[in-house]
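Okay, structure first, notes after.
The values are calculated or read from the model by the stated rules, or taken from the named source; none is laboratory data. Note that the structure is a prediction, hence the values are computed from the model and not measured. Glycine also receives a Cβ, built like all others from the backbone with ideal geometry; neighbour counts cover every protein chain displayed.
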Protein chains: 2
Amino acid sequence: MELPQRVSIIEVGPRDGLQNEKQLVPAQEKIKFIKKLKASGIQEMELTSFVSPKWVPQMSDAEQIIEHCLDDSTRNLVLVPNEKGVSRLLSSACKNAAFFVGVSNTFNQKNINKSTRDSMEELAPLIKDLKRNGFFVRACLSTAFYCPYEGKVDEQEVLALSEEFAALGVDELSVADTIGLANPQEVFELFSLLKHHLPSTLLIAAHFHDTRGMALANIFSALQAGIDRFDTSAGGLGGCPFAPGATGNVATEDAVFMLNRMGISTGIQLEPLLEAVEFIAPFVSRGLQSRQFLLSKTGKGALG
Amino acid sequence: MELPQRVSIIEVGPRDGLQNEKQLVPAQEKIKFIKKLKASGIQEMELTSFVSPKWVPQMSDAEQIIEHCLDDSTRNLVLVPNEKGVSRLLSSACKNAAFFVGVSNTFNQKNINKSTRDSMEELAPLIKDLKRNGFFVRACLSTAFYCPYEGKVDEQEVLALSEEFAALGVDELSVADTIGLANPQEVFELFSLLKHHLPSTLLIAAHFHDTRGMALANIFSALQAGIDRFDTSAGGLGGCPFAPGATGNVATEDAVFMLNRMGISTGIQLEPLLEAVEFIAPFVSRGLQSRQFLLSKTGKGALG
């Protein structure tokens, strides 16, 4: 069994994780959280989002977060949903953009009131423009496995959309199992297909939700398909709106624990990472459920 | 990626799951629970245990459970720790025995106050005798990956002990990651080794704890090593005494969900299985944490 020897973690807690959090987290606490995450060795991170403050008040401090958290040793990504977001990005010092589109047309429609096709037409010139200006661009494909409305998503559609993004010159794809329903075999198949057909220079990250407890199995499966980049969220922050009560993003500390145990280097230290999780826990409304966080409470810890 | 097309689930909830439960569950409720589990399609089960009622009051109703729960369509296993247990088994109508031994000597010593070697010397004649009398015998190897006292367990020791059991004529081995610390790569390696060296007629089951969230990843990995038998516990019943607050055995419903989704037949229906979990939930002191159980509470269910 051949697995990558090194894996990159893209921490999405400060953006994807906190975005759905109803309780407003003060900007200075987010900044402390982000700095603690970086201190644990995290080198790539979704920092915040240039979405409308009216729709997502939690992200209304985006400029402030960027001002205090940019640094040379981390790839700091900011989500830009549209032209307005891009113009805010261009006014900031951040040079890394993340775009989102749902592979499932119905999901995209319900999520941002546009068809997938219309989204692509809006995003294409923005992406090309950012690329011309030397930006790092990440494209996030949500509902790449299942859509809560349409069911199973055709992997050829995922490939076609991925190729479209590749042609636009994006640097990275993040391919997401948004509702946490993909099984490890489907994960192996889709990522094998993408690795086979997409340019080897294109970075491919896998984004799993742990709604049905399969996230670590899916990471293990994706590793076997040659994937060496994973989106994860400290503390498992971020809910899946389709399954209240269930956990959302796979927890960074659980993924890092498993990877470290397999001798796969992540560059991340578990102890300071758990300190970051401990720090943010009081600011989120639901109790954090990651295994490493719960174990750290028992004093029995990692056992090695 | 080649995986078995069919998998056998050995349900351990009524024995391994309830055994550590402080609150006594009345025998008639256990019987209802067991019948509900069987109604979901479960065909192999650890029913109860002939341990000393003084040490484990929860299992003092073993004879009663057996009297009401034996049937021809299920392999009903009863744990027998020693000669006393075997003599109780011989007085019952049950023809399937399970023995336990820790691969780690320190663990075995702390657990039952005997060295692993002394345990084997005690069990060998009992096993041979039961085999002569047509019994089905299962040998459970605990701490087959890690010991809470000794750390990493040498896989050659696991193989040697397995070969010893094979020579005694046991029908099945259950190889356990007792403290839930094994990673998927170690799982693949140990089970590949065992499959390679042990007689192909010997059944091999994998027994995982979800303490660190790796149980489904480990099942997926063991499948790749050719393992097609898994011990699981309805509701994730059963704690790991070394990690209070963390979950214990992998939940049957979470394993069945993943296997079913991969098109691997288990013969078990999720809905009646969740009814059995729902039934036992009020009798256990800690809240059940399986993903399928939590999802069933949200009404969002399995989504397919």
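Quick look at the values:
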| item | result |
| --- | --- |
| Complete set of residues in the range B:91-100 that are in contact with a Lys or Arg (Cβ under 9 Å, 6 or more places away or on another chain) and closer than 17 Å to B:Ser162 by Cβ | B:Ala98, B:Phe99 |
| From the options B:Gly41, B:Gly102, B:Gly85, residue that is at pLDDT 95 or above, among the small types (Gly, Ala, Ser) and out of contact with any strand residue (DSSP E or B) (no Cβ under 8 Å at 6 or more places or on another chain) | B:Gly41 |
| Given (1) small (Gly, Ala, Ser); (2) away from every other protein chain (no Cβ under 14 Å); (3) in contact (Cβ under 8 Å) with a residue 24 or more places away in the chain, number of the condition B:Ser104 does not satisfy | (2) |
| Condition broken by A:Gln64, with the remaining ones in (1) buried (at least 17 other Cβ atoms within 10 Å of the Cβ); (2) of a type outside the set (Lys, Arg); (3) in contact with a helix residue (DSSP H, G or I) (Cβ under 6 Å, 6 or more places away or on another chain) satisfied | (1) |
| Inter-residue pairs, beta-carbon under 7 Å, first within 14 Å of chain B (Cβ to nearest Cβ) and in the range A:265-290, second of a type in the set (Asp, Glu) and part of a loop (DSSP other than H, G, I, E, B), 6+ apart | none |
| Unique residue being assigned to a loop (DSSP other than H, G, I, E, B) and either modelled with pLDDT under 95 or at negative phi (or both) when the list is B:Ala302, B:Ala255, B:Ala276 | B:Ala302 |
| Filter result (farther than 16 Å from B:Phe230 by Cα and surrounded by fewer than 24 Cβ atoms within 10 Å (Cβ to Cβ)) within the range B:171-193 | B:Ile179, B:Gln185, B:Glu186, B:Glu189, B:Leu193 |
| Any hit, the range A:233-240, residues being in a loop (DSSP other than H, G, I, E, B) and either farther than 28 Å from B:Leu270 by Cα or touching a Lys or Arg at 6+ places or on another chain (Cβ under 8 Å) (or both) | yes |
| Residue under evaluation A:Asp129, criteria (1) of a type in the set (Asp, Glu); (2) more than 30 Å from B:Gln292 (Cα to Cα); (3) in contact with a His (Cβ under 8 Å, 6 or more places away or on another chain), criterion not met | (3) |
| Among (1) touching a residue at least 40 places away in the same chain (Cβ under 8 Å); (2) among the hydroxyl-bearing types (Ser, Thr, Tyr); (3) touching a Gly at 6+ places or on another chain (Cβ under 7 Å) - the single one A:Thr211 does not satisfy | (1) |
| Positions within the range B:124-146 being part of a strand (DSSP E or B) and within 14 Å of another protein chain (Cβ to nearest Cβ), in sequence order | B:Tyr146 |
| Checklist (1) surrounded by 15 or more Cβ atoms within 10 Å (Cβ to Cβ); (2) farther than 19 Å from B:Ser91 by Cβ applied to B:Gln5, failing item | (1) |
